[in-house]
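Heads up: the structure comes next, in structure tokens.
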Amino acid sequence: MRAWTIGFDADDTLWHNERFFRMTEDRFAQLLAPHMEGGALRARLLEAERRNLGLYGFGIKGFVLSMIETAVEVTDGRVPGDVVGEILAMGRDMLAHPIELLPHARQAVEAARLVGEVVLVTKGDLLDQERKLAQSGLGDLFDAVEIVSDKSPATYLRIFARHGARDAMMIGNSLKSDVIPALAAGAWGVHVPSSGPEWALEAAEPPQDHPRFRAIRDLGEVPDLLSDLMSPA
């Protein structure tokens, strides 16, 4: 048994993701401009996403359904069929978009493999996450892949217990999903900020005073971080 289990988030940690949601949101705002001003429309869409997370979960398909719901609401149920068709086409474009790795992604995962079992821990639509992992070229580097509906302390406790290491670490761009619940589960939480926009529903304050919290500028700092934490005191 290896001494460490090291988890990596996927979207906006290893590859770009959120910027495609925001680009699609821009197209959605243009499409619905005759019915509602852009800022108000984005607020309505965000509220629909928040309301629907428990029903649709995370990912592109839930986002598309929330866009359609918002379009129905702001047009008082008179949304034209071609607008719905365009929203569905935007979703298909997102699902077909090629994966773009973030800098140092492979280097970071390879460094983690030298010191422990490496697990991809990601939430969202199963088929889409599997597609992105396959296209990323990183799949063979992971000892296990965990695609979950949400990331809570219980989720991390279950994952880390299953992999049985003495110590655990989670590396990701989301303080709310990747860092804070991992810390609550007794693991190390490493925050690597995304180079792109942050989804409002993932915003949280950094737990600066937590002894197991670490913040790095990018994935290129992972090898040194691992070396420092695993060196004898």
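Can VAL79 be described as surrounded by 14 or more Cβ atoms within 10 Å (Cβ to Cβ), outside any helix (DSSP H, G or I) and free of Cβ contacts under 8 Å to residues at least 40 places away in the same chain?
Details: surrounded by 14 or more Cβ atoms within 10 Å (Cβ to Cβ): yes; outside any helix (DSSP H, G or I): yes; free of Cβ contacts under 8 Å to residues at least 40 places away in the same chain: yes.
Answer is yes for this residue.
Name the residue, out of THR13, THR24, that is part of a helix (DSSP H, G or I) and surrounded by 17 or more Cβ atoms within 10 Å (Cβ to Cβ). Walk me through it before giving the result.
Working: THR13 fails: part of a helix (DSSP H, G or I).
Answer to the selection: THR24.
Are there any pairs with C-beta distances below 8 angstrom linking a residue in segment 208-229 that is assigned by TED's automatic domain parsing to the domain that holds GLY116 to a residue that is surrounded by 15 or more Cβ atoms within 10 Å (Cβ to Cβ) and of a type in the set (Ser, Thr, Tyr), with the two at least 6 apart or on different chains, and if so which?
Close Cβ pairs satisfying both conditions: LEU219/THR13.
May I ask you to say which residue of PHE58, PHE63 is aromatic (Phe, Trp, Tyr) and either at positive phi or assigned to a helix (DSSP H, G or I) (or both)?
Numbers: PHE58 fails: either at positive phi or assigned to a helix (DSSP H, G or I) (or both).
Going through PHE58, PHE63 in turn, the sole match is PHE63.
Among the residues of segment 76-87, count how many are in contact with a helix residue (DSSP H, G or I) (Cβ under 8 Å, 6 or more places away or on another chain) and of a type outside the set (A, V, I, L, M). First the steps, then the outcome.
Let us first name the residues in segment 76-87 that are in contact with a helix residue (DSSP H, G or I) (Cβ under 8 Å, 6 or more places away or on another chain), namely 79, 83-84, 86-87.
Now restrict to residues that are of a type outside the set (A, V, I, L, M): 86.
The total comes to 1.
Tell me the strands (runs of 3 or more DSSP E) entirely within segment 131-233 that contain at least 2 residues that are touching a Leu at 6+ places or on another chain (Cβ under 9 Å), surrounded by 13 or more Cβ atoms within 10 Å (Cβ to Cβ) and among the hydrophobic types (A, V, I, L, M, F, W, C). First the steps, then the outcome.
Values: elements: 144-148, 167-172, 188-191, 213-215.
Because the criterion is at least 2 residues that are touching a Leu at 6+ places or on another chain (Cβ under 9 Å), surrounded by 13 or more Cβ atoms within 10 Å (Cβ to Cβ) and among the hydrophobic types (A, V, I, L, M, F, W, C), the strands (runs of 3 or more DSSP E) in segment 131-233 that meet it are 144-148, 167-172, 188-191.
Does LEU55 satisfy the condition of being under 21 Å from ARG19 (Cα atoms) and either loosely packed, with under 13 Cβ neighbours inside 10 Å or touching a helix residue (DSSP H, G or I) at 6+ places or on another chain (Cβ under 7 Å) (or both)?
Numbers: under 21 Å from ARG19 (Cα atoms): no; either loosely packed, with under 13 Cβ neighbours inside 10 Å or touching a helix residue (DSSP H, G or I) at 6+ places or on another chain (Cβ under 7 Å) (or both): yes.
Against the criterion (under 21 Å from ARG19 (Cα atoms) and either loosely packed, with under 13 Cβ neighbours inside 10 Å or touching a helix residue (DSSP H, G or I) at 6+ places or on another chain (Cβ under 7 Å) (or both)), LEU55 does not qualify.
Yes/no matrix, rows are residues, columns are (1) farther than 18 Å from GLU73 by Cβ; (2) modelled with pLDDT under 95:
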{"site": "THR13", "(1), (2)": "yes, no"}
{"site": "ARG22", "(1), (2)": "yes, yes"}
{"site": "GLU25", "(1), (2)": "no, no"}
{"site": "PHE28", "(1), (2)": "no, no"}
{"site": "HIS35", "(1), (2)": "no, yes"}
{"site": "GLY38", "(1), (2)": "no, yes"}
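Could you list all residues from segment 144-171 that are of a type outside the set (A, V, I, L, M), under 21 Å from LEU229 (Cα atoms) and modelled with pLDDT of 90 or more? Don't jump to the end; show me each part of the working.
Applying the first criterion (of a type outside the set (A, V, I, L, M)) to segment 144-171 yields 146, 149-153, 155-156, 158, 160, 162-164, 166-167.
Narrowing the set further to residues that are under 21 Å from LEU229 (Cα atoms) leaves 156, 160, 163-164, 166-167.
Those that are of a type outside the set (A, V, I, L, M), under 21 Å from LEU229 (Cα atoms) and modelled with pLDDT of 90 or more: TYR156, PHE160, ASP167.
Pull up segment 86-107, narrow it to residues that are within 17 Å of the chain's Cα centre (by Cα) and in a helix (DSSP H, G or I), then point me to the one that is nearest to ASN173 (Cα to Cα). Reasoning before the result, please.
Residues of segment 86-107 within 17 Å of the chain's Cα centre (by Cα): 94-95, 97-103, 105.
Okay, now just the ones that are also in a helix (DSSP H, G or I), so 94-95, 105.
On the way: MET94: 21, LEU95: 21, ALA105: 13 Å.
Step by step, filter segment 86-107, then rank; the result is ALA105.
The values are calculated or read from the model by the stated rules, or taken from the named source; none is laboratory data. For clarity, every value in this text was computed on a predicted model and none was experimentally measured. Positions of Cβ are backbone-derived with ideal geometry, glycine not excepted, and every protein chain shown enters the neighbour counts.
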